[in-house]
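One structure is given here, and the rest of the page talks about it.
The values are calculated or read from the model by the stated rules, or taken from the named source; none is laboratory data. In this text the structure is predicted, and so the values were computed from the model without any measurement. Cβ: placed from backbone, ideal geometry, glycine included. Neighbour counts: every protein chain shown. Accessible surface areas use protein heavy atoms only, side chains included; no ligands, DNA or RNA. Shrake-Rupley method; radii C 1.70, N 1.55, O 1.52, S 1.80 Å.
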Amino acid sequence: MIGMRNVVFVAPFPMDATLRFARGFARLENVRVLGVFQKPPWAEKGRTFDDLVAVEDALNPEDIVSAVRRLEGAYGPTHRLTGVLEPLQTPLGIARERLGIEGPTAAVAERFRDKALMKDCLRAAGIPCAKHRLATSADAASAFAEEVGFPIVMKPPAGAGCRGTYRIESHEDLRSALAVVRPSAASPVLCEEFLRGTEQSFEAVVAGGKVLAHSISHYQPTPLEVVNTPWIQWVCMLPRDIAGAEYDEVRRIGAKVVATLGLDDGFTHMEWFRRTDGSIAVGEIAARPPGGQLTSMTGLVHDIDIYRCWARAVVDGRLDAPWQRNYAAATVFLRGMGRGRVTRIDGLDEAQKRMGALVEEVKLPRVGAPKADSYEGDGYVILRHSEQATLDAAVEVVLDTVRVRYG
Ligand SMILES: Nc1ncnc2c1ncn2[C@@H]1O[C@H](COP(=O)(O)OP(=O)(O)O)[C@@H](O)[C@H]1O
Ligand SMILES: [Mg+2]
C-alpha cells in the first residue's frame, strides 16, 4: 500500500501551458497536489490542486521554502517539489536542499541552466559541442572571435527563447553587439563558435539516471534564423520514424549528456545540431519538459497522456506509458510580415478545408494583440497524421494559406 504523497508544484502564474503539467499529477493516484503561485488559480482548488498558497515571488528560494513549510504544517512531509519553468529550476534546487526533499540539487540544476558550466562539463566528458568562452570584457569577446573566426554567437549564459542572442558575422557586427551587451565580470556574455547545419531536439524520459524513452524533433529552420527573418513561420516537426541508424549517435550522446549532468528522474529537453559534415554537436539541455507544444506533440505521436507520464517519472522514477511512435506531428507557428497589432488572419477557411482533419490543437492570434517578437509567433496549429507525407503536405498548406496581418 502506498500512502498519500505530497507534491508541491511551483509557478509564478497559472498559464494554461503550465497548468497542464500540474494536472498530470492530479491524474496520479495517491498524490496530493499542492500549488505555490504568485497568482494562485483559486478556481482550480478542489480540482487540480488540493490546496494553494500565494507567495510574493515564486522564483525566490526563501519564498518557496516558507510556502512549503506552511504546507508541511498542514499536510506533512513533501515527497517532491517541482515546477516546469526554466528560471525556477535552480531556486527549486536550493529549496529542496534546505528542506531535505529528494530531487535535483542546486548544483545539478545549475549544470542544466548555466550554458558555460554545461559546456565545460560536456566537453570534459568528451561530448561534442560548440567551442565557447564566457567573456567578462569586450576584449575577451574579440579575442575569442579572432581565435575561432566569424561567424560567432553571443548570448546570455542563462537566457531563454533566443533573447539577447546575436549571430555575429563581422568586426562591425561584433562592435555593435558589444556596444549593447557590454560584457563585464558582473555580467559576462557567452561566446560560441557558430554551428552550421540543422537543429533538432532530443527529449528523454529519465528514471534512476537512465534514459528509458526518447523522442526527436526537427526545427525548421533554426530558432535564431526565425528570429532574424520576419517572414519565416517556424515549424517544429516530430517525424513518424526515428528508429533509423542516422539517430543512433544522438541516442548515444543524449544518454551520455543526461548521465554527465546528473538528472535522476524527470524529463529532459536537449537541442542539438547535425553539422553540414554529418557530425553531431549538443546545443543545450534543460532538466525539464520542453515548452507546451513540443510536450503535447510528444504525447500525440505516442498517443499517450504525456503530462501524466512526466508526473509519474518525477513522483515514482518510472515510465508507465507505452512508448510506441504511431504518428508524426508538427506545430506551425503563425506569424507574418508587418508591424503593430494583429488585425486579421486570412486563409483559415481554405486551410480548414484542405487539412482540417489533421488539426489537433489551434491557438489563433488574437485580433488586437501586439505582434509577438518571439520565434513562436502569435499563435499555432498542431497537426498529426500516421503518414509522414500526408503530414508534410498539411504543413505546407498551413504555411501557404494562413496569413497573419498586422497594422
Ligand atoms: N553556437 C551556436 N551555433 C549556431 N546557432 C546557435 C548557437 N548557439 C545558439 N544558436 C541559435 O540560437 C538559439 C538560441 O540559443 P540557445 O543556446 O538554445 O538558447 P535559448 O534557447 O535558451 O535562448 C538556438 O536554438 C540556435 O538556433
Ligand atoms: Mg534553446
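In this structure, Arg167 qualifies as modelled with pLDDT of 95 or more and either closer than 17 Å to Leu117 by Cα or not in a helix (DSSP H, G or I) (or both).
Arg240 falls short on exactly one of the conditions (1) over 24 Å from Arg111 (Cα atoms); (2) part of a helix (DSSP H, G or I), and that condition is (2).
Might you check whether a residue that is assigned to a helix (DSSP H, G or I) and within 16 Å of ligand 2 (Cβ to nearest atom) occurs anywhere in segment 127-145? Scanning segment 127-145, I find no residue that is assigned to a helix (DSSP H, G or I) and within 16 Å of ligand 2 (Cβ to nearest atom), so the answer is no. For beta carbons closer than 7 Å, sequence separation of 6+ or different chains, a first residue in segment 328-345 that is open to solvent by less than 10 Å² (accessible area, probe 1.4 Å) and a second that is among the small types (Gly, Ala, Ser), the qualifying pairs are Phe333/Gly377; Leu334/Gly377; Leu334/Gly379; Val342/Gly368; Val342/Ala369. Hey, could you check segment 189-221 for residues that are open to solvent by 40 Å² or more (accessible area, probe 1.4 Å) and either within 12 Å of ligand 1 (Cβ to nearest atom) or of a type in the set (Lys, Arg) (or both) and say which is farthest from Val395 (Cα to Cα)? It comes out as Lys210.
Looking at segment 181-199, can you tell me whether even one residue there is in contact (Cβ under 8 Å) with a residue 40 or more places away in the chain, small (Gly, Ala, Ser) and over 30 Å from His302 (Cβ atoms)? Looking through segment 181-199, at least one residue is in contact (Cβ under 8 Å) with a residue 40 or more places away in the chain, small (Gly, Ala, Ser) and over 30 Å from His302 (Cβ atoms).
All told, Gly291 meets the bar of being within 16 Å of ligand 2 (Cβ to nearest atom), not assigned by TED's automatic domain parsing to the domain that holds Gly377 and not aliphatic (A, V, I, L, M).
Count of segment 346-378 residues, restricted to those that are closer than 15 Å to Trp234 by Cβ and open to solvent by less than 40 Å² (accessible area, probe 1.4 Å), is 6. Checked against (1) assigned to a loop (DSSP other than H, G, I, E, B); (2) under 22 Å from Glu86 (Cα atoms); (3) within 15 Å of ligand 1 (Cβ to nearest atom), Ala186 meets all criteria but (3).
Taking segment 129-160 as the range and being open to solvent by less than 50 Å² (accessible area, probe 1.4 Å) and not hydrophobic (A, V, I, L, M, F, W, C) as the test, the residues that pass are His132, Ser137, Ser142, Gly149, Pro151, Lys155, Pro156, Pro157, Gly159. So in segment 205-224, with the set limited to residues that are within 16 Å of ligand 2 (Cβ to nearest atom) and in a strand (DSSP E or B), which one is farthest from Ala321 (Cα to Cα)? Among them, the one singled out is Gln220. Per the listing Asp303, Asp241, Asp264, the residue uniquely acidic (Asp, Glu), over 29 Å from Tyr380 (Cα atoms) and modelled with pLDDT of 95 or more is Asp264.
Restricting segment 254-285 to residues that are away from ligand 1 (no atom under 16 Å from the Cβ) and open to solvent by less than 10 Å² (accessible area, probe 1.4 Å), the residue that is nearest to Ala125 (Cα to Cα) is Val258. Of all residues in segment 179-210, those that are in contact with a His (Cβ under 8 Å, 6 or more places away or on another chain), aliphatic (A, V, I, L, M) and more than 17 Å from Lys155 (Cα to Cα) total 2. Here Arg251 does not qualify as touching a residue at least 24 places away in the same chain (Cβ under 8 Å), basic (Lys, Arg) and within 16 Å of ligand 2 (Cβ to nearest atom). Of all residues in segment 352-391, those that are farther than 23 Å from Gly161 by Cα and free of Cβ contacts under 8 Å to residues at least 40 places away in the same chain total 10. Can Arg288 be described as touching a His at 6+ places or on another chain (Cβ under 7 Å), open to solvent by 40 Å² or more (accessible area, probe 1.4 Å), assigned to a helix (DSSP H, G or I) and in contact (Cβ under 8 Å) with a residue 12 or more places away in the chain? Judged against the criteria, Arg288 is not a match.
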